[in-house]
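Enquirer: Right, I'll just put the structure down here and ask away after.
The values are calculated or read from the model by the stated rules, or taken from the named source; none is laboratory data. Every value quoted in this text rests on a predicted model; they were computed, and no experiment measured them. Here the Cβ is made from the backbone with ideal geometry for all residues, glycine too, and neighbour counts use every protein chain on show. Accessible surface is based on the protein model in full, side chains and every heavy atom, while ligands, DNA and RNA are left aside. Shrake-Rupley method; radii C 1.70, N 1.55, O 1.52, S 1.80 Å.
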Amino acid sequence: LTQYGKDDYVQAIANEVISSGKITSYEGKTMQVYVTAMVGSQAPDLVITEYIGKVEDHNHKTTTLKSSDFVQGKMTKTLLVFYQSGCGPCDALMQQLPGHYANLKQKGIDIIAISADESQQVFDNTSRQFPWKRSYCDLEGKNGVNFRNYAVMGTPTLYMLDSQGYILQKAASLSELLTNDALGKL
């Protein structure tokens, strides 16, 4: 369901699945979606990987960005965008978002983008076009720690978070957020 952008169905049945007691393990990507990053829950922290020198040297440092610290300055919400360069729906979204960025900022919404790219060059070429400052990639693809922590199985996946880092909404497209009025009129 998540892979096909039907996260609202997952949200609707999650409590029933969990309370049934018939499933004893929520290991693996498929089952994690029922217990991770649900609307109304505290969003997982982000693990930020910074490569020092060449990626192939495997010299890097990681830092943790707490979800309660996503909001900066005068912003009141964060739009967390999981995407992958070369994915048709992702590319369409990432071309739309810069045109809406000024309006989002005016509404107090900042953007953090998390890429599933596995090439530093591809990530750099794509992310340098973004007007927002926070774009991250650990070069691990959809197996990266942030994709696992948020149980992201398909891209694009968007999360709207409040100022304390609680998940307000999960969506598969900007139009879905607009339809559900999470962004208001842009």
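Enquirer: Of Y150, Y101, which residue is among the aromatic types (F, W, Y) and over 16 Å from the mean Cα position of the chain (by Cα)?
Expert: Y101
Enquirer: Based on this model, can you work out whether M94 counts as touching a residue at least 24 places away in the same chain (Cβ under 8 Å) and out of contact with any Phe, Trp or Tyr (no Cβ under 8 Å at 6 or more places or on another chain)?
Expert: Details: touching a residue at least 24 places away in the same chain (Cβ under 8 Å): yes; out of contact with any Phe, Trp or Tyr (no Cβ under 8 Å at 6 or more places or on another chain): no.
Against the criterion (touching a residue at least 24 places away in the same chain (Cβ under 8 Å) and out of contact with any Phe, Trp or Tyr (no Cβ under 8 Å at 6 or more places or on another chain)), M94 does not qualify.
Enquirer: Among the candidates G144, G73, which residue alone is modelled with pLDDT under 95 and buried (at least 16 other Cβ atoms within 10 Å of the Cβ)?
Expert: G144
Enquirer: Can we say L79 is among the aliphatic types (A, V, I, L, M), in contact with a strand residue (DSSP E or B) (Cβ under 8 Å, 6 or more places away or on another chain) and outside any loop (DSSP other than H, G, I, E, B)?
Expert: So L79 fits the description; yes.
Enquirer: At pLDDT 80 or above and part of a strand (DSSP E or B) - does that describe any residue in segment 91-106?
Expert: Looking through segment 91-106, none of the residues is at pLDDT 80 or above and part of a strand (DSSP E or B).
Enquirer: Which residues, counting only those in segment 120-141, are out of contact with any Phe, Trp or Tyr (no Cβ under 6 Å at 6 or more places or on another chain), surrounded by 15 or more Cβ atoms within 10 Å (Cβ to Cβ) and farther than 24 Å from S175 by Cα? It would help to see each step written out before you state the result.
Expert: Start the filter on segment 120-141 by keeping residues that are out of contact with any Phe, Trp or Tyr (no Cβ under 6 Å at 6 or more places or on another chain), which leaves 120-130, 132-136, 138-141.
With the extra rule that they be surrounded by 15 or more Cβ atoms within 10 Å (Cβ to Cβ), the set shrinks to 122-123, 126-127, 130, 132, 134-136, 138-140.
If the condition is that a residue be out of contact with any Phe, Trp or Tyr (no Cβ under 6 Å at 6 or more places or on another chain), surrounded by 15 or more Cβ atoms within 10 Å (Cβ to Cβ) and farther than 24 Å from S175 by Cα, then V122, F123, D138, L139, E140 are the ones that fit.
Enquirer: Based on what the data block shows, is D117 among the charged types (D, E, K, R), surrounded by 15 or more Cβ atoms within 10 Å (Cβ to Cβ), more than 17 Å from P44 (Cβ to Cβ) and modelled with pLDDT of 95 or more?
Expert: Working: among the charged types (D, E, K, R): yes; surrounded by 15 or more Cβ atoms within 10 Å (Cβ to Cβ): yes; more than 17 Å from P44 (Cβ to Cβ): yes; modelled with pLDDT of 95 or more: yes.
Yes: the conditions hold for D117.
Enquirer: I'm trying to understand the selection: among the residues of segment 113-160, which are within 20 Å of G88 (Cα to Cα), part of a strand (DSSP E or B) and not aromatic (F, W, Y)?
Expert: Of everything in segment 113-160, those that are within 20 Å of G88 (Cα to Cα), part of a strand (DSSP E or B) and not aromatic (F, W, Y) turn out to be A113, I114, S115, S135, C137, T157, L158.
Enquirer: Please find, within segment 49-67, the residue that is nearest to the chain's Cα centre (by Cα) out of those that are surrounded by 13 or more Cβ atoms within 10 Å (Cβ to Cβ) and modelled with pLDDT of 95 or more.
Expert: Here the residue is S67.
Enquirer: Further, regarding this structure: When I167 is evaluated against the numbered criteria (1) open to solvent by 10 Å² or more (accessible area, probe 1.4 Å); (2) under 20 Å from L65 (Cβ atoms); (3) within 12 Å of the chain's Cα centre (by Cα), which criterion, by number, is the only one it fails?
Expert: (1)
Enquirer: In segment 86-115, what count of residues is obtained for those that are in contact with a strand residue (DSSP E or B) (Cβ under 7 Å, 6 or more places away or on another chain) and of a type in the set (G, A, S)?
Expert: 3
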